[in-house]
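See structure below.
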Amino acid sequence: MTVSAAASDRSPANAFAEILGTDRVITDEAERRYYSNDIFFWDDAMVAVVVVQPRTRDEVAEIVRVARDL
């Protein structure tokens with residue numbers, strides 16, 4: 001079974017960690033809040049469920065495939 005096929009059975013963080021490793025998947029609320037803003041910090045801004053840090057095009061492509069299936 002591929003990561004994409006199995007993604008719907010797991011949390012986004014776990015699915016992305018299979019692709020990137022846990023060191024490049026951010027789940028800490030304070031860090032997610034930081035990455036969810038641009039140069040302005042809004043109290044009511046939506047906070048990302050997870051932040052991923054891919055390094056290659058192939059990683060980006062696989063993350064998009066997994067995200068599509070979540």
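The values are calculated or read from the model by the stated rules, or taken from the named source; none is laboratory data. These figures come from a predicted structure and were not determined experimentally. Because the Cβ atoms are built from the backbone with ideal geometry, glycine has one as well, and the counts that use them run over all protein chains shown. Ligands, DNA and RNA are excluded from the accessible area calculation, which covers all protein heavy atoms including side chains. Shrake-Rupley method; radii C 1.70, N 1.55, O 1.52, S 1.80 Å.
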Query raised in the report: Do you know which of the residues in the range 1-59 that are in contact with a helix residue (DSSP H, G or I) (Cβ under 9 Å, 6 or more places away or on another chain) and of a type in the set (Lys, Arg) is modelled with the lowest pLDDT?
Result: Arg10
Report summary line: Here the qualifying pairs (Cβ atoms under 7 Å; residues six or more apart or on different chains; first in the range 17-41 and basic (Lys, Arg); second open to solvent by 40 Å² or more (accessible area, probe 1.4 Å)) come out as Arg24/Val52; Arg24/Gln53; Arg32/Val47; Arg33/Val47
**Report entry** Any hit, the range 40-54, residues being part of a loop (DSSP other than H, G, I, E, B) and touching a strand residue (DSSP E or B) at 6+ places or on another chain (Cβ under 7 Å)
**Finding:** yes
Report task. Determine whether Phe40 is aromatic (Phe, Trp, Tyr) and within 14 Å of the chain's Cα centre (by Cα). Result -> no
Report task. Collect the residues in the range 19-33 that are surrounded by 12 or more Cβ atoms within 10 Å (Cβ to Cβ) and either in contact with a strand residue (DSSP E or B) (Cβ under 9 Å, 6 or more places away or on another chain) or under 15 Å from Thr56 (Cα atoms) (or both), keeping them in residue-number order. Result -> Ile19, Leu20, Arg24, Val25, Ile26, Thr27, Glu31, Arg32
